[in-house]
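Novice: Structure in structure tokens, see below.
The values are calculated or read from the model by the stated rules, or taken from the named source; none is laboratory data. Every value quoted in this text rests on a predicted model; they were computed, and no experiment measured them. Counting neighbours? That spans all protein chains shown, and the Cβs are built from the backbone with ideal geometry, glycine included. Ligands, DNA and RNA are excluded from the accessible area calculation, which covers all protein heavy atoms including side chains. Shrake-Rupley method; radii C 1.70, N 1.55, O 1.52, S 1.80 Å.
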Amino acid sequence: MSISDSLPDDTPSPQFHNALNQNLNQHQLQQPKIKVDAPLRMVETAFLASAGSLIWFINFYFPLGPLLRIFFPIPIALVYLRWGKRASWMAAITSGLLLSVLMGPVRSLLFVMPFAFMGVLLGATWYRRVPWIVSITLGTLLGSLGVFFRLWLLSVLSGEDLWIYAINQVTEIIEWVFLRLELLATPSLFMVQIGALALIVLNNFIYLFMVHVAAWLLLDRLGNSIPRPPEWVQVLMDYEG
């Protein structure tokens with residue numbers, strides 16, 4: 001018997017070659033995906049942030065009633081559904097910076113609070129598949145805070161208390177209601193303030209409901225569906241999804 005015959009065989013087995021080739025192939029297939037995801041996320045985030053800013057910009061100079069307002073938070077919410085929390089915050093900040101350049105910092109703040117933040121909030125609730133009543137309620141609270149923020153900011157800039165103007169408008173509405181009901185009474189200041197708060201909350205609740213309906217119909221077709229609405233909404237819209 002020769003010495004070479006007694007040495008161990010160092011030649012790799014065919015199974016080893018197959019396993020090595022599979023690992024290399026998997027690594028080569030996964031590597032381009034990592035390289036593609038980052039620029040795609042950046043491009044989509046920038047595009048949707050600019051889309052939200054453009055909708056606000058057009059509505060400010062060419063108002064079309066409530067039509068465009070419904071879509072203010074949807075692009076940023078779509079960023080959350082597609083790329084997660086960090087990308088949606090970047091979209092909110094980017095949209096604010098873009099509007100700051102185009103329209104000035106004050107008007108950009110009126111978009112960021114509440115609509116950009118609302119987009120992040122709605123994206124988070126839709127991503128977690130919470131019921132509509134929860135996401136609408138949270139959005140209503142944020143939208144109501146946005147109204148008070150707007151009144152405060154514009155009051156500071158104008159030097160006048162715009163809340164008094166809102167109270168006067170609500171007072172006229174309540175007096176008209178009392179007149180129609182033939183009530184010989186004068187609404188108190190506390191009643192007027194409660195009525196103003198109720199109108200703000202009701203207005204934001206209706207707005208958030210319309211945002212949900214628009215997002216439900218639009219994002220389903222884009223492949224990023226949101227939670228299903230209550231059944232009565234589906235029956236009312238005659239929608240099969």
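Novice: Among the residues of the range 202-241, write down those that are β-branched (Val, Ile, Thr), modelled with pLDDT of 95 or more and open to solvent by 40 Å² or more (accessible area, probe 1.4 Å).
Specialist: If the condition is that a residue be β-branched (Val, Ile, Thr), modelled with pLDDT of 95 or more and open to solvent by 40 Å² or more (accessible area, probe 1.4 Å), then ILE206 is the only one that fits.
Novice: Restricting the range 54-110 to residues that are polar (S, T, N, Q) and more than 13 Å from the chain's Cα centre (by Cα), which is nearest to ARG150 (Cα to Cα)?
Specialist: SER108
Novice: Report yes if VAL177 is assigned to a helix (DSSP H, G or I), exposed (fewer than 15 other Cβ atoms within 10 Å of the Cβ) and modelled with pLDDT of 95 or more, otherwise no.
Specialist: When the stated conditions are applied, VAL177 does not pass them.
Novice: I'd like to verify a number: residues in the range 218-236 that are assigned to a helix (DSSP H, G or I) and within 15 Å of the chain's Cα centre (by Cα), how many?
Specialist: 2
Novice: Further question: Of all residues in the range 130-161, how many are over 19 Å from ASN204 (Cα atoms), free of Cβ contacts under 8 Å to residues at least 24 places away in the same chain and assigned to a helix (DSSP H, G or I)?
Specialist: Total meeting the criteria: 4.
Novice: Within the range 37-52, which residues are under 13 Å from the mean Cα position of the chain (by Cα) and either outside any helix (DSSP H, G or I) or of a type in the set (Gly, Ala, Ser) (or both)?
Specialist: Once the filter is applied, which keeps residues that are under 13 Å from the mean Cα position of the chain (by Cα) and either outside any helix (DSSP H, G or I) or of a type in the set (Gly, Ala, Ser) (or both), the range 37-52 yields ALA49, ALA51, GLY52.
Novice: Among ARG86, ARG82, ARG69, ARG150, which is the only one that is basic (Lys, Arg) and buried (at least 18 other Cβ atoms within 10 Å of the Cβ)?
Specialist: ARG82
Novice: A further question follows. Where residues in the range 180-201 are surrounded by fewer than 14 Cβ atoms within 10 Å (Cβ to Cβ) and polar (S, T, N, Q), which of them is farthest from the chain's Cα centre (by Cα)?
Specialist: Filtering the range 180-201 for residues that are surrounded by fewer than 14 Cβ atoms within 10 Å (Cβ to Cβ) and polar (S, T, N, Q), the one farthest from the chain's Cα centre (by Cα) comes out as THR186.
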